[in-house]
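Shown next, in structure tokens, is the structure this report addresses.
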Amino acid sequence: MYNRLMRSSEDYEALERFDSTFIERFGTVAGLDEAGRGPLAGPVVAAAVILRGPVRGVNDSKLLSAKDRESLYGEIADRAYVGIGLSTPEEIDLLNILNATKLAMNRALDGLSVRPSYVIIDGKYLNLKIRGRCIVGGDRLSASIASASVMAKVFRDRLMNDLGNLFPEYGYERHKGYGTEKHLKAITVYGPSMWHRLTYKPVRESARPEMVSRWLRDSAVNEDRLFRAGLLTPEVLK
């Protein structure tokens, strides 16, 4: 039985009809979505999905439980062509989050084994290498965008779980990099890690000069990234 937030058969047919209007006009259509634009840490992850069959129950990933997302992840992988792309925290700091998201989405498109002729994207103002259309709220209108939403979210959550094992002091596996109270407290106590987005204000303000000096000495973080974050202060450079 589907979770109450998963799509019914009738709902799913509406999502398919939405996609079919683009498929009839353009041919092979990929849905595209991202996860992780808002967190203080971790990459932004994009997924491109070309459905080869129905995935009933799919919905905007934010409306699904973790268990339902995991179940749908496997179904989508079996019934679609999927490309995954990401941009690292360093790229986010150097390019800004909008441009880093575009980069991740283009990488997701490059990861598809079948090239789409058109792309429908959740969001707005994103011009990619393949022609397409941005649709605000598309993850609740389109089967392929909703599927991309699930793939991006689950893939990113798994990465953050792995980071949680490597850096247990931050609790990444619990908050996935978002600015929860416990996460902000951990950044204050331990300072940021290299997986944090240094240009984001709560992170930048917790980066101690001695930590930045050590990153420079060990070539762990490049100067351009530190400069863009405003962390190359006279105290660090002296």
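The values are calculated or read from the model by the stated rules, or taken from the named source; none is laboratory data. In this text, all values refer to a predicted model and were calculated from it rather than measured experimentally. Note that we place each Cβ from the backbone using ideal geometry, even for glycine, and neighbour counts take in every protein chain shown. SASA here: full protein model, heavy atoms, side chains in, ligands and nucleic acids out. Shrake-Rupley method; radii C 1.70, N 1.55, O 1.52, S 1.80 Å.
Observations, loosely collected:
- Candidates Leu63, Leu112: the one that is closer than 14 Å to Ser144 by Cα and under 22 Å from the mean Cα position of the chain (by Cα) is Leu112.
- Of the candidates Pro89, Pro54, the single residue that is surrounded by 18 or more Cβ atoms within 10 Å (Cβ to Cβ) and either without any contact (Cβ under 8 Å) to a residue 40 or more places away in the chain or not polar (S, T, N, Q) (or both) is Pro89.
- If you go through the stretch 41-70 and keep only what is within 14 Å of Ser87 (Cα to Cα) and aliphatic (A, V, I, L, M), you end up with Ala41, Val44, Val45, Ala46, Ala47.
- Candidates are the residues of the stretch 1-59 that are aromatic (Phe, Trp, Tyr) and at pLDDT 90 or above; the one that is farthest from Ser206 (Cα to Cα) is Phe26.
- Of the residues examined, Asn222 is not one that is under 29 Å from Asp78 (Cα atoms) and either out of contact with any Phe, Trp or Tyr (no Cβ under 6 Å at 6 or more places or on another chain) or surrounded by fewer than 18 Cβ atoms within 10 Å (Cβ to Cβ) (or both).
- Among the residues here, Pro168 qualifies as without any contact (Cβ under 8 Å) to a residue 12 or more places away in the chain, more than 17 Å from the chain's Cα centre (by Cα) and farther than 30 Å from Arg17 by Cβ.
- Looking only at the stretch 193-226, and only at residues there that are under 25 Å from the mean Cα position of the chain (by Cα) and free of Cβ contacts under 8 Å to residues at least 60 places away in the same chain, the one that is nearest to Leu163 (Cα to Cα): Ala220
- Residues of the stretch 57-76 classified as open to solvent by 50 Å² or more (accessible area, probe 1.4 Å) and aliphatic (A, V, I, L, M), total: 2
- Test for Leu72: is it part of a loop (DSSP other than H, G, I, E, B) and under 13 Å from Ala148 (Cα atoms): no
- Residues that are under 20 Å from Leu40 (Cα atoms) and among the hydrophobic types (A, V, I, L, M, F, W, C), drawn from the stretch 88-142: Ile92, Leu94, Leu95, Ile97, Leu98, Ala100, Leu103, Ala104, Met105
- A Cβ distance below 6 Å, combined with a sequence gap of six or more or placement on separate chains, defines the contacts here; from the stretch 20-42, residues that are free of Cβ contacts under 8 Å to residues at least 24 places away in the same chain reach residues that are open to solvent by 10 Å² or more (accessible area, probe 1.4 Å) and β-branched (Val, Ile, Thr) in the pairs Ile23/Val29.
- For the stretch 36-51, residues that are open to solvent by less than 10 Å² (accessible area, probe 1.4 Å) and not in a loop (DSSP other than H, G, I, E, B) total 7.
- Flag for Tyr81 being surrounded by fewer than 23 Cβ atoms within 10 Å (Cβ to Cβ) and part of a strand (DSSP E or B): yes
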